[in-house]
Amino acid sequence: MSFLRDPKRLLATLIAGVAGLIVLLDFAGAIPSIDLTAQLIINWAALLAVLALLVGLLNVVGSHLRRVLGRNSDWVYSLLLLLAMLLTIVFGTVIGPTSGGYT
């Protein structure tokens with residue numbers, strides 16, 4: 001499919017390309033106006049990434065929780081996934097890295 005036939009895809013590609021170019025120019029040199037714009041783009045990208053991660057996490061938890069509560073086929077694997085996810089979140093956020101781990 002051609003980009004010219006799908007204007008939404010073309011617009012999204014242009015926006016992503018321009019944003020990437022601005023961040024790349026900021027990385028290459030220190031121009032104050034580009035620095036502020038690049039920092040704004042990076043902050044928005046980080047916010048969108050966190051929101052996408054949260055939506056994905058809630059989707060996986062909801063899907064597997066329904067499978068466990070409904071005792072569907074292979075529900076034990078869904079329970080193991082939910083427990084492993086919970087342990088990963090607890091160890092990664094509450095406990096955090098130890099002194100012998102990465103710095």
Check on Gly96, at pLDDT 90 or above, of a type outside the set (A, V, I, L, M, F, W, C) and open to solvent by less than 80 Å² (accessible area, probe 1.4 Å): no
message: Being among the β-branched types (Val, Ile, Thr) and within 30 Å of Phe27 (Cα to Cα) is the filter here; which residues of the stretch 40-92 pass it?
response: Ile41, Ile42, Val50
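The values are calculated or read from the model by the stated rules, or taken from the named source; none is laboratory data. This is a predicted model, so every value here is computed, not measured. With ligands, DNA and RNA removed, areas are computed over all heavy atoms of the protein, side chains included. Shrake-Rupley method; radii C 1.70, N 1.55, O 1.52, S 1.80 Å.
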